[in-house]
Amino acid sequence: MSMSARHYSMPQQMAHDGKSAETRNLRPNEVSTGTTIMAIPFEGGVIMGADSRVSTGSYVANRVSDKVAQLHDRIWCCRSGSAADTQALTDYVKHYLSSLA
């Protein structure tokens, strides 16, 4: 039996060696950061959402991080990237906006 025939005869959940849909198409040396943020506009405003994981490589360092931050009364942002850097940046913007209000 050829290698490809054995691959296709395996159950679907095993066909990708246990990799998720997010990671199975990564190129060599690519790393999935795993952050999911989104914003959907509607007639009355915007709905924002984000996952809550903070990861360091494949290790989840914090499962309850808030990636949607309020900057001012009607200004919000979604954070992605280095948790420390994005927290510092949103704190700076929040402080700057409060001094102008």
Q. Filter the range 70-91 for residues that are more than 14 Å from residue 36 (Cα to Cα) and assigned to a strand (DSSP E or B); which is least open to solvent (accessible area, probe 1.4 Å)?
A. 71
Q: Test each condition in (1) outside any helix (DSSP H, G or I); (2) modelled with pLDDT of 85 or more for residue 99 and report the one that comes out false.
A: (1)
Q: Considering each of 94, 67 in turn, give the residue that is of a type in the set (Lys, Arg), open to solvent by 70 Å² or more (accessible area, probe 1.4 Å) and touching a residue at least 12 places away in the same chain (Cβ under 8 Å).
A: 94
**Q.** Search result, residues across the range 38-56 that are open to solvent by less than 70 Å² (accessible area, probe 1.4 Å) and within 22 Å of residue 89 (Cα to Cα)
**A.** 39, 48, 49, 50, 51, 52, 54, 55
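The values are calculated or read from the model by the stated rules, or taken from the named source; none is laboratory data. All figures in this text were calculated on a predicted structure; none of them were measured in a lab. Using ideal geometry, Cβ is built from the backbone for each residue, glycine included, and neighbour counts are taken over all protein chains shown. With ligands, DNA and RNA removed, areas are computed over all heavy atoms of the protein, side chains included. Shrake-Rupley method; radii C 1.70, N 1.55, O 1.52, S 1.80 Å.
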